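Here is the structure we will look at, set down as structure tokens.
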Amino acid sequence: MNTTTTTTKPTPERKPARWLRLFKHRWLDESDSQRALPPDVLERITSRVAASEKRHSGEIRICVEAGLPASYIWQNLDARDRAVMMFSKLRVWDTEQKNGVLIYLLLAEHRIELVADRGIARKVGADEWAGMVAHLSDALKAGNYEDGLTTALAEVSAVLVREFPLEDGQADSNELPDAPVLL
């Protein structure tokens, strides 16, 4: 898994700021994720993931979460920490070629995180992933979730096609579900 580790803890939040952050995250729930991505949008994104995976051997998962669990707020953890956890929970790391990518969207903070497994991380630098995230921020902040996720999917797909193309006659093994996860 492509994660950056540091030896320092995040700066502790002041108690009022932590309570405000907790309120912001607890105010939103799964119904907000469902409003952001209604069934017709989910169907289109699922189809786009399936079509993408027919062009490369990688696996792409999308996870949209309304707000962080309270335990993350109290521990001063952020969207990146949660994305790494969801990478594990959704078993994106459990692909044969270690080339899974998680696209994680946190609605409460309008944050997007990309987490790539070690097989793809060896071939793609952190700067390229950061560039993809930067392209998506504006669409997501404006509430254009389908456009933002479609762009993210297209950019991640282009990298996977470049680094892990399917050989002639090779079939997509589709090791993970294509449908986005809404939390």
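The values are calculated or read from the model by the stated rules, or taken from the named source; none is laboratory data. These numbers come from a predicted model, not from an experiment. Methodologically, a virtual Cβ is constructed for each residue, glycine included, from the backbone with ideal geometry; neighbour enumeration extends over all protein chains shown. Protein only, heavy atoms only, side chains kept; ligands, DNA and RNA dropped before computing areas. Shrake-Rupley method; radii C 1.70, N 1.55, O 1.52, S 1.80 Å.
All conditions but one from (1) hydrophobic (A, V, I, L, M, F, W, C); (2) within 13 Å of the chain's Cα centre (by Cα); (3) open to solvent by 10 Å² or more (accessible area, probe 1.4 Å) apply to Leu176; the one that does not is (2). Quick check: is even one residue across region 29-40 open to solvent by 20 Å² or more (accessible area, probe 1.4 Å), modelled with pLDDT of 90 or more, within 14 Å of the chain's Cα centre (by Cα) and among the polar types (S, T, N, Q)? Scanning region 29-40 turns up no residue that is open to solvent by 20 Å² or more (accessible area, probe 1.4 Å), modelled with pLDDT of 90 or more, within 14 Å of the chain's Cα centre (by Cα) and among the polar types (S, T, N, Q). Checking each residue in region 84-96 for being surrounded by 15 or more Cβ atoms within 10 Å (Cβ to Cβ) and either assigned to a strand (DSSP E or B) or at pLDDT below 95 (or both) picks out Trp93, Thr95.
Could you list, ordered by first residue, the pairs with Cβ atoms under 7 Å in which the first is in region 37-59 and farther than 23 Å from Arg122 by Cα and the second is surrounded by 21 or more Cβ atoms within 10 Å (Cβ to Cβ) and among the small types (Gly, Ala, Ser), at least 6 apart or interchain? If the second residue must be surrounded by 21 or more Cβ atoms within 10 Å (Cβ to Cβ) and among the small types (Gly, Ala, Ser), no pairs are left.
For Ala158, indicate whether it is more than 20 Å from Arg35 (Cβ to Cβ), outside any loop (DSSP other than H, G, I, E, B) and without any contact (Cβ under 8 Å) to a residue 40 or more places away in the chain. Against the criterion (more than 20 Å from Arg35 (Cβ to Cβ), outside any loop (DSSP other than H, G, I, E, B) and without any contact (Cβ under 8 Å) to a residue 40 or more places away in the chain), Ala158 qualifies. A single entry from Leu136, Leu149, Leu105 fulfils the requirement of being modelled with pLDDT under 90 and either assigned to a strand (DSSP E or B) or closer than 22 Å to Ala50 by Cβ (or both): Leu136.
If you check Lys123 against the conditions, is it over 20 Å from Glu53 (Cβ atoms), among the charged types (D, E, K, R), open to solvent by 60 Å² or more (accessible area, probe 1.4 Å) and more than 13 Å from the chain's Cα centre (by Cα)? So that I can check it myself, show each step before the final result.
Values: over 20 Å from Glu53 (Cβ atoms): no; among the charged types (D, E, K, R): yes; open to solvent by 60 Å² or more (accessible area, probe 1.4 Å): yes; more than 13 Å from the chain's Cα centre (by Cα): yes.
No: the conditions fail for Lys123.
Report the residue count in region 126-153 for those that are open to solvent by 40 Å² or more (accessible area, probe 1.4 Å) and free of Cβ contacts under 8 Å to residues at least 24 places away in the same chain. Final tally of qualifying residues: 9.
Here is a check on your reading of the model: is Asp81 at pLDDT 95 or above, open to solvent by 20 Å² or more (accessible area, probe 1.4 Å) and either part of a helix (DSSP H, G or I) or over 17 Å from Leu153 (Cβ atoms) (or both)?
Numbers: at pLDDT 95 or above: yes; open to solvent by 20 Å² or more (accessible area, probe 1.4 Å): yes; either part of a helix (DSSP H, G or I) or over 17 Å from Leu153 (Cβ atoms) (or both): yes.
Yes; evaluated as a whole, the condition is true for this residue.
Would you confirm, using the coordinates I've provided, whether Asp117 is open to solvent by 50 Å² or more (accessible area, probe 1.4 Å), closer than 22 Å to Asn174 by Cα, touching a strand residue (DSSP E or B) at 6+ places or on another chain (Cβ under 9 Å) and in contact (Cβ under 8 Å) with a residue 60 or more places away in the chain? When the stated conditions are applied, Asp117 does not pass them. For region 60-77, give me each residue that is surrounded by fewer than 16 Cβ atoms within 10 Å (Cβ to Cβ) and in contact (Cβ under 8 Å) with a residue 60 or more places away in the chain. Once the filter is applied, which keeps residues that are surrounded by fewer than 16 Cβ atoms within 10 Å (Cβ to Cβ) and in contact (Cβ under 8 Å) with a residue 60 or more places away in the chain, region 60-77 yields only Asn76. On the stretch given as region 22-64, residues that are small (Gly, Ala, Ser), closer than 19 Å to Ala83 by Cβ and in a helix (DSSP H, G or I) total 2.
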